[in-house]
Amino acid sequence: MLVAALTVPAQAVTYGTPTIALSASYLSGAVGATGDPVVNVTVGQSGADASALTVSVSASSKASVAGTGDATFTGGGAVRQLAVAARGRGYTNLTVKVTGLGGKTATKTLSYAASAAVQNPADARYLTGSADASAAVDVGGGYAVVADDESNVLRLYDRSRSGAPVRTWDFSSQLGVSKEVDIEGATRIGNTIYWTGSLGNNKDGEYKAPRNTVFTTTVSGSGASAQLTYGRSYKKLRDDLVAWDKANGNKYGFAAGTAEGEAPKQIDGFNVEGLEFAPGSTSTAYLGFRAPLAPVVPGGKALIVPVTNFDQVLASGVKATFGPGIELDLGGLSVRDIRKNAAGQYLILAGSWAADDNSDPYALYQWDGVPGHAPVKRADLPTTDPGGWEAIVEVPDLTVPGARVQLITDSGSADLYGDGTEAKDLTHAEWKKARAAWFALG
């Protein structure tokens, strides 16, 4: 007797709807940039291997900024990296699409902003999360801690890459302040970093106590593992400077420059932007002034005031004492930062005392730190658009021909994306950024 064989039909595979998630909903780039930040795209689908899914940018709301063909994906598993090459300045919404097995799809929107091209884009990196970089200190391993003059947040960045900070610290509660210290200068001795506020009035000429602050942090570890802990603070250095200048015949006009209603960024204003220790000293610190120039006339000299017991001011809160003011010819410019290396070679970043100075000249001067010795110009810097040069990260060996130094801009007042919005007022932190760039010294 023959028995007919039964054929059981294969069960059709049912795939779920794909899933897609972005590590950030906002991304910033620059025209012509090298190594712009990327976004991680995580995809999956029930019943399917993630490596079988296809990820693409399927639409752009403004292709002149970045089109679908300007997106590049790397990686082949559940997590892909999306990079965007900017075509032009502005904003666009990019539709990021995952296509799963069975033809099912899912999308997410990435809001992308591109800033304009800059000179030597291969030497430029963009530090995102803040536009108002104001001081920087190297912590080894290619990393630096960068301060912000619009908040009290200190950020740890990889100096070689564009992107968000690795780590952040905010010591406002330890400092006992709720407003910004207006951090403008910093330097490191051993494992101690010294930070100073501008000590001046705000832009409206109002005295704000947090700005009259200097403080320390202690560094442990280095590079990506660097950690900061709060040390001590002193909140009367401005008062000490005004009293010292009064006792010496108001030579630099500190009392007038700090008076109610006086803006800090004018030729006879009062605004500290540089901090570094004197040659061979761990006690005498140099305060570099953006304003005033000395004497207080157009074309005057830049001013540095030595604080001869700066270490003790921070260690025990003693009243500051001062040495004679140091007046340097920086071609009519003032001090925007000052930094030395282990060999005692100083670089001074010189710029205008003016408030709106993006179109004014900048230069780098070499100095030996000795009062009475003249600085020597090593490089003219391009006028920055966007931002103004604000911080020296570290000083190379200045005897090496073509030595390169990395500088950082304060781009807070810049219109990065061409819509009239100042960078510090942008809604999304991912779109705020300062530029770090390398320059060869002539």
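The values are calculated or read from the model by the stated rules, or taken from the named source; none is laboratory data. Everything numeric in this text was worked out from a predicted model, so none of it was measured. Because the Cβ atoms are built from the backbone with ideal geometry, glycine has one as well, and the counts that use them run over all protein chains shown. Keep in mind that these areas ignore ligands, DNA and RNA; they rest on the heavy atoms of the full protein, side chains included. Shrake-Rupley method; radii C 1.70, N 1.55, O 1.52, S 1.80 Å.
Worth pointing out:
- Candidates are the residues of the range 319-375 that are over 22 Å from Ala136 (Cα atoms) and polar (S, T, N, Q); the one that is least open to solvent (accessible area, probe 1.4 Å) is Thr321.
- Scanning the range 256-276 for residues that are closer than 16 Å to Leu241 by Cα and either charged (D, E, K, R) or crowded, with 17+ Cβ neighbours inside 10 Å (or both) gives Gly257, Thr258, Pro264, Asp268, Gly269, Phe270, Asn271, Val272, Glu273, Gly274, Leu275.
- Subset of the range 387-402 [open to solvent by 10 Å² or more (accessible area, probe 1.4 Å) and touching an Asp or Glu at 6+ places or on another chain (Cβ under 7 Å)]: Glu394
- Residue, nearest to the chain's Cα centre (by Cα), within the range 142-157, restricted to residues that are farther than 17 Å from Tyr126 by Cβ and not aliphatic (A, V, I, L, M): Asp149
- Of all the listed residues (Val145, Val166, Val153), the sole one being in contact (Cβ under 8 Å) with a residue 12 or more places away in the chain, open to solvent by 40 Å² or more (accessible area, probe 1.4 Å), closer than 27 Å to Val38 by Cβ and of a type in the set (Val, Ile, Thr) is Val166.
- Leu287 being within 23 Å of Ala147 (Cβ to Cβ), in contact (Cβ under 8 Å) with a residue 40 or more places away in the chain and open to solvent by less than 40 Å² (accessible area, probe 1.4 Å): yes
- In a residue-by-residue description of the range 145-162, the property of being among the hydroxyl-bearing types (Ser, Thr, Tyr) and closer than 23 Å to Glu206 by Cα applies to at least one position.
- Every residue from the range 405-442 that is polar (S, T, N, Q), open to solvent by less than 50 Å² (accessible area, probe 1.4 Å), part of a loop (DSSP other than H, G, I, E, B) and closer than 19 Å to Arg125 by Cα: Ser411
- Filter result (open to solvent by 60 Å² or more (accessible area, probe 1.4 Å) and in contact (Cβ under 8 Å) with a residue 12 or more places away in the chain) within the range 231-252: Arg232, Lys235, Lys236, Asp239, Lys251
- Residue match in the range 370-377 (condition: touching a residue at least 40 places away in the same chain (Cβ under 8 Å) and within 25 Å of Val145 (Cβ to Cβ)): no
- Scope the range 62-73; condition open to solvent by less than 70 Å² (accessible area, probe 1.4 Å) and of a type in the set (Ser, Thr, Tyr); matching residues: Thr68
- Test for Arg188: is it touching a strand residue (DSSP E or B) at 6+ places or on another chain (Cβ under 6 Å), open to solvent by 20 Å² or more (accessible area, probe 1.4 Å) and closer than 25 Å to Arg404 by Cβ: yes
- Qualifying residue in the range 43-52 (condition: among the charged types (D, E, K, R), under 19 Å from Trp431 (Cβ atoms) and either surrounded by 15 or more Cβ atoms within 10 Å (Cβ to Cβ) or without any contact (Cβ under 8 Å) to a residue 40 or more places away in the chain (or both)): no
- If the condition is being part of a loop (DSSP other than H, G, I, E, B) and closer than 16 Å to Leu175 by Cα, then the range 186-224 contributes Ser198, Leu199, Lys208, Asn212, Thr213.
- Residue within the range 84-105 that is free of Cβ contacts under 8 Å to residues at least 60 places away in the same chain, part of a strand (DSSP E or B) and among the hydrophobic types (A, V, I, L, M, F, W, C) present: yes
- In the condition set (1) open to solvent by less than 10 Å² (accessible area, probe 1.4 Å); (2) within 18 Å of Tyr417 (Cβ to Cβ); (3) not polar (S, T, N, Q), Pro121 is compliant with all but (1).
- Residues in the range 196-223 that are in contact with a strand residue (DSSP E or B) (Cβ under 9 Å, 6 or more places away or on another chain), on the phi < 0 side of the Ramachandran plot, open to solvent by less than 30 Å² (accessible area, probe 1.4 Å) and not hydroxyl-bearing (Ser, Thr, Tyr): Gly197, Gly200, Asn201, Pro210, Asn212, Val214, Phe215, Val219.
- Any chance Pro279 is part of a loop (DSSP other than H, G, I, E, B), of a type outside the set (Val, Ile, Thr) and within 16 Å of Glu184 (Cβ to Cβ): no
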